[in-house]
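Right, one structure below, let's go through it.
The values are calculated or read from the model by the stated rules, or taken from the named source; none is laboratory data. These numbers come from a predicted model, not from an experiment. All Cβ positions, glycine included, derive from the backbone under ideal geometry; neighbour counts span all protein chains shown.
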Amino acid sequence: MGMIGGGPGAFIGEVHRKAARLDGGIEIVGGAFDIDPKKSKQMGKQLNLDPARVYSDYKEMIAAEQKLPEGERMDFVSVCTPNNCHFPMAKALLEAGFHVMCEKPMTISVAEAEALVQIVKKTKRVFGLMHNYTGYPMVKLARDMVKKGEIGKVRKIVVQYPQGWLATALEKAGNQQASWRTDPKQSGGSGCGGDIGTHAENLAEYITGLKMTHLCAELTTFVKGRKVDDDVNCLVKFNNGARGVLHASQISVGEENNLAIWIYGEKGGLEWHQEHPNYLYVKRMGQPDQIYKRGNPYVAEYSTAAGRTTRLPSGHPEAFIEAMANIYLNFADAVRAGLLKKKPDPLALDFPNVQDGLRGMQFLATLLASAKSSQKWTAFKK
């Protein structure tokens, strides 16, 4: 594994590194960790990497790694940079023969996303997108329950992701994470929508297997002088006739990462909270509510995918890093199968991919169009 981004002071790059190494099947061998070559070298030293494989920029990294024998060069590269860099970096890596794991949102436009779909198809490389919340075992259990008809036809979906960390102008106080996320040149057209709204969209579609078709959206910027939205509210239509509500916020004071989803069908409902991820609440008509707990045998018996992504016995909590590690586990198994010229286990293909990235960009394009429109409903951009 190589990495672009994730240098000193970065948040998500270090989480990627911890998650990738958790199961012992991935070795980090080098990277271009910062736009400042000195900081990239500093990060390489902290990680005890060979200085010769710590690069000043990603183009230098690609050129140098391509010169190494196939068994020694990086097999894949994780792109952990601001959003505007995702497309050119992923494109260059794929065309140079590397598999890619990319942070979300995948690109900053639908056009870029469509182009990346074609590049992945042409290069036949494995492309993963880090929507890490789909890596939680109980999210996979919920998906399999919906798929097997436990709650009947889905009628309503409510999904939320409120945070409070951007309730003040942190970007003006030198906060690195706030600065690029509130800069439209780096984050794209939507701030809150791109950063966490896409997680809500992806979670709803992943669990239910449904597709959003129309949005009625409002984007608001509450913090004076901020150049992107910091609050999102949507009504949603789905392709089976279901209706939904999606809201995301980064000015909800007191909230941390309160991603949660409620799914209601003709026969029952499901409820899951990211801050308490080891529990899935199951509601059946005329029966007491049930709580399914991660790590118990009945979970793995019902959902092979949930069992595969469970490491510890019940009562020993697994959370954020483990969920991201589950994305890496499946992604790495898919890459490994290709290297061995074998067909991957279908379970190993259970990770967000380039098509999910395209859906995310279509969601954001529709969100922005709806917020500017005087019409009640805006059809999904294609």
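Structure notes:
- Test: Arg308 is surrounded by fewer than 20 Cβ atoms within 10 Å (Cβ to Cβ) and either under 26 Å from Ala348 (Cα atoms) or touching a Leu at 6+ places or on another chain (Cβ under 6 Å) (or both): yes
- Any hit, region 263-273, residues being under 28 Å from Lys382 (Cβ atoms), in contact (Cβ under 8 Å) with a residue 60 or more places away in the chain, hydrophobic (A, V, I, L, M, F, W, C) and part of a loop (DSSP other than H, G, I, E, B): no
- Residues in region 349-373 that are in a helix (DSSP H, G or I) and under 16 Å from Tyr206 (Cα atoms): Leu349, Val354, Gln355, Asp356, Gly357, Leu358, Arg359, Gly360, Met361, Gln362, Phe363.
Yes or no, residue by residue, for (1) surrounded by fewer than 14 Cβ atoms within 10 Å (Cβ to Cβ); (2) in a helix (DSSP H, G or I); (3) touching a Gly at 6+ places or on another chain (Cβ under 8 Å):
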site: Ala63; (1), (2), (3): yes, yes, no
site: Glu72; (1), (2), (3): yes, no, no
site: Phe87; (1), (2), (3): no, yes, no
site: Ala90; (1), (2), (3): no, yes, no
site: Leu94; (1), (2), (3): no, yes, no
site: Lys104; (1), (2), (3): no, no, yes
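- Which listed residue, of Val110, Val54, is of a type in the set (Val, Ile, Thr), surrounded by fewer than 19 Cβ atoms within 10 Å (Cβ to Cβ) and either without any contact (Cβ under 8 Å) to a residue 12 or more places away in the chain or touching a Leu at 6+ places or on another chain (Cβ under 9 Å) (or both): Val110
- For region 225-250, the candidate set comprises residues that are assigned to a strand (DSSP E or B) and among the polar types (S, T, N, Q); within that set, the residue that is nearest to Met212 (Cα to Cα) is Asn233.
- Met43 meets each of the listed conditions (1) within 30 Å of Glu318 (Cα to Cα); (2) out of contact with any Asp or Glu (no Cβ under 7 Å at 6 or more places or on another chain) apart from (2).
- Checking each residue in region 208-218 for being touching a Phe, Trp or Tyr at 6+ places or on another chain (Cβ under 8 Å) and crowded, with 22+ Cβ neighbours inside 10 Å picks out Thr208, Met212, Leu215.
- Enumeration of residues in region 143-193 that are under 30 Å from Lys211 (Cβ atoms), surrounded by fewer than 16 Cβ atoms within 10 Å (Cβ to Cβ), touching a residue at least 12 places away in the same chain (Cβ under 8 Å) and of a type in the set (Lys, Arg): Lys147, Lys153, Lys156
- Scoring Gln375 on the criteria (1) closer than 22 Å to Ala242 by Cβ; (2) of a type in the set (S, T, N, Q); (3) in contact with a strand residue (DSSP E or B) (Cβ under 7 Å, 6 or more places away or on another chain) leaves a single failure, condition (3).
- Verdict on Glu14 being surrounded by fewer than 24 Cβ atoms within 10 Å (Cβ to Cβ), at pLDDT below 95 and of a type in the set (Asp, Glu): no
- Residue list for region 285-344, restricted to those being closer than 27 Å to Val154 by Cβ, outside any loop (DSSP other than H, G, I, E, B) and β-branched (Val, Ile, Thr): Ile291, Val299, Thr304, Ile327
- A single entry from Glu255, Glu218, Glu201 fulfils the requirement of being in a loop (DSSP other than H, G, I, E, B), acidic (Asp, Glu) and not assigned by TED's automatic domain parsing to the domain that holds Thr107: Glu255.
- Residue check, Glu114 over 17 Å from the mean Cα position of the chain (by Cα) and either of a type in the set (Lys, Arg) or assigned to a helix (DSSP H, G or I) (or both): yes
- Residue match in region 117-135 (condition: surrounded by fewer than 18 Cβ atoms within 10 Å (Cβ to Cβ), closer than 20 Å to Asn84 by Cβ and at pLDDT below 95): no
- Per-region count, region 226-265, residues closer than 14 Å to Ala200 by Cβ and among the β-branched types (Val, Ile, Thr): 5
- Residues of region 333-340 include at least one that is free of Cβ contacts under 8 Å to residues at least 60 places away in the same chain and among the aliphatic types (A, V, I, L, M).
- Subset of region 219-238 [over 21 Å from Lys376 (Cα atoms) and buried (at least 16 other Cβ atoms within 10 Å of the Cβ)]: Val223, Arg226, Val228, Asp230
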